[in-house]
Amino acid sequence: MLLSEIGTHLYNIVRYPHATVAKVMATRPFNISFRRTLLGTKLRDWHNLVAQITPVNLIDGSDTFRWDLTKSGLFTVRSMYLHLINSQTPFRHKKIWKINVPLKIKIFLWFLQKEVILTKDNLARKN
């Protein structure tokens, strides 16, 4: 399971979903509670999540976003397309509509998942 899937899985049962990361990570053990007891896979997921975020040190300052698929750090559709084409992971089309990206990117991902090549590309191949 991906880290984001684990986080979403646990986020759905957290008692205070709008707590900031800084507030939660300010104390050890983490200042977080859940609406129900964590058992089985949820408990294992929680331990995995804690193990992955424990070494992270938060510092004051502004956040910046960096797209790791390009050297410049800026998002491009081309970099996303190449990454998706080259990745061997299965694509889950139902999750496309839930991610927080613009609609045109969701549609692009859906076309990509369905292996639909856009008309302009088809015309270019046929000359």
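By its C-alpha gyration tensor, with a ≥ b ≥ c as the square roots of the eigenvalues, how is the stretch 20-105 shaped: rounded for a/c under 1.5, else prolate for a/b larger than b/c, else oblate?
Because a/c hits 1.5 or more and a/b fails to exceed b/c, the stretch 20-105 counts as oblate.
So between THR8 and ASN86, what do we pick up on full extension, going 0.36 nm a residue minus the alpha carbon distance?
Length gained between THR8 and ASN86: 25.5 nm.
Let me check I've understood the local charge: for ILE32, count other residues with C-beta under 12 angstrom from its C-beta, Lys and Arg +1, Asp and Glu -1. What total comes out?
+4
Among VAL21, ASN48, THR37, which residue has its Cα furthest toward the positive end of the charge dipole of the stretch 3-53, with +1 on Lys/Arg Cβ and -1 on Asp/Glu Cβ?
The one lying farthest along the dipole's positive direction is THR37.
Quick one: length gained pulling ARG125 to LEU103 fully straight, 0.36 nm per residue minus the C-alpha distance?
Here the answer is 5.2 nm.
Throughout, read-outs are computed from the coordinates displayed, never taken from laboratory work. In this text the structure is predicted, and so the values were computed from the model without any measurement. Glycine also receives a Cβ, built like all others from the backbone with ideal geometry; neighbour counts cover every protein chain displayed.
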